[in-house]
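K.L.:
Below you'll find the structure I mean.
The values are calculated or read from the model by the stated rules, or taken from the named source; none is laboratory data. Keep in mind the model is a prediction, meaning the values are calculated, not measured. Here Cβ is always computed from backbone atoms with ideal geometry, including for glycine, and neighbour counts include all displayed protein chains. Note: accessible area is taken over every heavy atom of the protein model, side chains too, but ligands, DNA and RNA are not part of it. Shrake-Rupley method; radii C 1.70, N 1.55, O 1.52, S 1.80 Å.
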Amino acid sequence: MFDSLSDRLADALKDLRGKGRLTDADIDRTCREIRLALLEADVSLPVVRGFIAKVKERAKGAEVSGALNPAQQVVKIVNDELVGILGGETRRVTFAKKPPTVIMLAGLQGAGKTTLAGKLAHWLKKQGHSPMLVACDLQRPGAVSQLQIVGERAGVKVFAPHPGTSVGGEGTLGVSSGDPVEVARAGVAEAQAQHFDVVVIDTAGRLGIDEELMKQASDIREATTPDEVLFVVDAMIGQDAVTTAEAFATGVGFTGVVLTKLDGDARGGAALSVREVTGKPIMFASSGEKLEDFDVFHPDRMASRILG
Ligand code: GDP
């Protein structure tokens, strides 16, 4: 994960080591290299500019403190600012006071929503919750059965259109409707009736942003008033994630971001851009195809990982 960015940043900071005092020229040179490393990582330009300006200002104004040598001080500043652009504090799920908590997933097709629905359900179960999945991706052939397989693997019930399509335990959960908004609404009502305390709604995605998709997701949001709307985005698309995020922010609105496929992302541009640009926290990270390849996103841990 982010290997090339880590290597580049390590190189940029290496030259400062062993220096007793840093001149402005040293800091300018290091910042230039960090800037290039971030641009190469496909971080969005305004984010890079803001980041470099802050690092430069703090590094030049840094008092020489007893505990850290100048190079360590710059590393600490870079670390702090990385934590900042990654979101600062860890943002946890907001659970509804009155169950069920509704979590809606939105994003482009292939972003990893359906896979994520299973991982999230598995994680919720481990946290002591009783989640139910609702299959509202009625667009992509096979999406409903994929969710059912994922649900079975995670050991959670799946509410799906059509009678008899439920798996994951005894009893059939389902509704005879081909309308995703109806399925979502019926799913939440069913969860309430059956005392599931969290409902995860999987929605349809298209290959590109389109108005119909936005409208459908927005209608599902309106019908189910979710406690969280998670924008799911493939980290491997780099700063294109930002464009997609902006479209979803306008078309549907979301409360948090989930980065998927971090295992395949050597660069880190999506992770480092999306929080700053959208103002919404990255809440979870997905880094593989197994149920366990998933965790709450911790900005501080991610920054330490990037800096090695
Ligand atoms: P959806 O269209 O948004 O529902 O996307 P899917 O859940 O079907 O995922 C699309 C593809 O990405 C599938 O082949 C998944 O196995 C794969 N995938 C999902 N999440 C991850 C991840 O974190 N890492 C990797 N390597 N692959 C993933």
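K.L.:
Being more than 18 Å from the chain's Cα centre (by Cα), closer than 30 Å to residue 10 by Cα and of a type in the set (A, V, I, L, M, F, W, C) is the filter here, so list the residues in the stretch 74-125 that pass it.
P.N.:
If the condition is that a residue be more than 18 Å from the chain's Cα centre (by Cα), closer than 30 Å to residue 10 by Cα and of a type in the set (A, V, I, L, M, F, W, C), then 74, 75, 77, 78 are the ones that fit.
K.L.:
Kindly indicate the residue of the stretch 294-308 that is more than 22 Å from residue 71 (Cα to Cα) and surrounded by fewer than 18 Cβ atoms within 10 Å (Cβ to Cβ) and also farthest from the ligand (Cβ to nearest atom) among those meeting that condition.
P.N.:
So, considering only residues that are more than 22 Å from residue 71 (Cα to Cα) and surrounded by fewer than 18 Cβ atoms within 10 Å (Cβ to Cβ), the one farthest from the ligand (Cβ to nearest atom) is 296.
K.L.:
Quick check, is residue 239 closer than 17 Å to residue 279 by Cα and open to solvent by 50 Å² or more (accessible area, probe 1.4 Å)?
P.N.:
So residue 239 passes the test.
K.L.:
List pairs: first in the stretch 252-273 and touching a residue at least 12 places away in the same chain (Cβ under 8 Å), second of a type in the set (Asp, Glu) and in a helix (DSSP H, G or I), Cβ under 6 Å, 6+ apart or cross-chain?
P.N.:
266/3
K.L.:
Can you list residue pairs whose Cβ atoms sit under 6 Å apart, with the first residue in the stretch 186-202 being in contact (Cβ under 8 Å) with a residue 12 or more places away in the chain and within 10 Å of residue 133 (Cα to Cα) and the second being among the polar types (S, T, N, Q) and in a strand (DSSP E or B)? Count only pairs 6 or more apart in sequence or on different chains.
P.N.:
Close Cβ pairs satisfying both conditions: 198/101.
K.L.:
Which residues, taken from the stretch 253-268, are at pLDDT 95 or above, open to solvent by 10 Å² or more (accessible area, probe 1.4 Å) and within 15 Å of the ligand (Cβ to nearest atom)?
P.N.:
The answer is 254, 261.
K.L.:
Which residues, counting only those in the stretch 34-49, are closer than 15 Å to residue 11 by Cα, assigned to a helix (DSSP H, G or I) and touching a residue at least 24 places away in the same chain (Cβ under 8 Å)?
P.N.:
Matches in the stretch 34-49: 34, 36, 37, 38, 40.
K.L.:
Right, something else. For residue 271, indicate whether it is open to solvent by less than 20 Å² (accessible area, probe 1.4 Å), within 16 Å of the ligand (Cβ to nearest atom) and closer than 22 Å to residue 89 by Cα.
P.N.:
In short, yes.
K.L.:
Quickly run through the stretch 274-293 and pick out the residues that are among the small types (Gly, Ala, Ser), under 12 Å from the mean Cα position of the chain (by Cα) and open to solvent by 30 Å² or more (accessible area, probe 1.4 Å).
P.N.:
Selection gives 287 alone.
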